[in-house]
């Protein structure tokens, strides 16, 4: 049985973020998929990048949903 590259503890990982401000852990050697960008200052073992993600991705909602909900709240406040 083979081990996924995402499950290997000896792997160097990077952090990716997409336009919706959602984060992902990613093996450093793998090509970055379309729609995602590397967070340049973050790389290391799985625990290091996971700690970064946990600290910075505190709202799991996509950015577009957060914006829509804020707009709806403003409409309600206007009444």
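The values are calculated or read from the model by the stated rules, or taken from the named source; none is laboratory data. Keep in mind that what you see is a predicted model, and the values were worked out from it rather than measured. Heads up, the Cβs are rebuilt from the backbone with ideal geometry, glycines too, and the neighbour counts pull from every protein chain shown.
Tallying residues that are under 23 Å from residue 67 (Cα atoms) and in contact with a helix residue (DSSP H, G or I) (Cβ under 9 Å, 6 or more places away or on another chain) within the range 19-49 yields 7.
Looking only at the range 30-42, residues that are touching a residue at least 24 places away in the same chain (Cβ under 8 Å) and either loosely packed, with under 15 Cβ neighbours inside 10 Å or more than 13 Å from the chain's Cα centre (by Cα) (or both) come to 2 in all.
Just to be sure, is residue 13 modelled with pLDDT under 95, touching a strand residue (DSSP E or B) at 6+ places or on another chain (Cβ under 9 Å) and closer than 28 Å to residue 64 by Cβ? Judged against the criteria, residue 13 is not a match.
Whenever a residue of the range 55-78 is under 17 Å from residue 20 (Cα atoms), its partners that are exposed (fewer than 12 other Cβ atoms within 10 Å of the Cβ), lying with C-beta atoms within less than 8 angstrom and at least six residues away or across chains, give the pairs 61/69; 63/19; 66/59.
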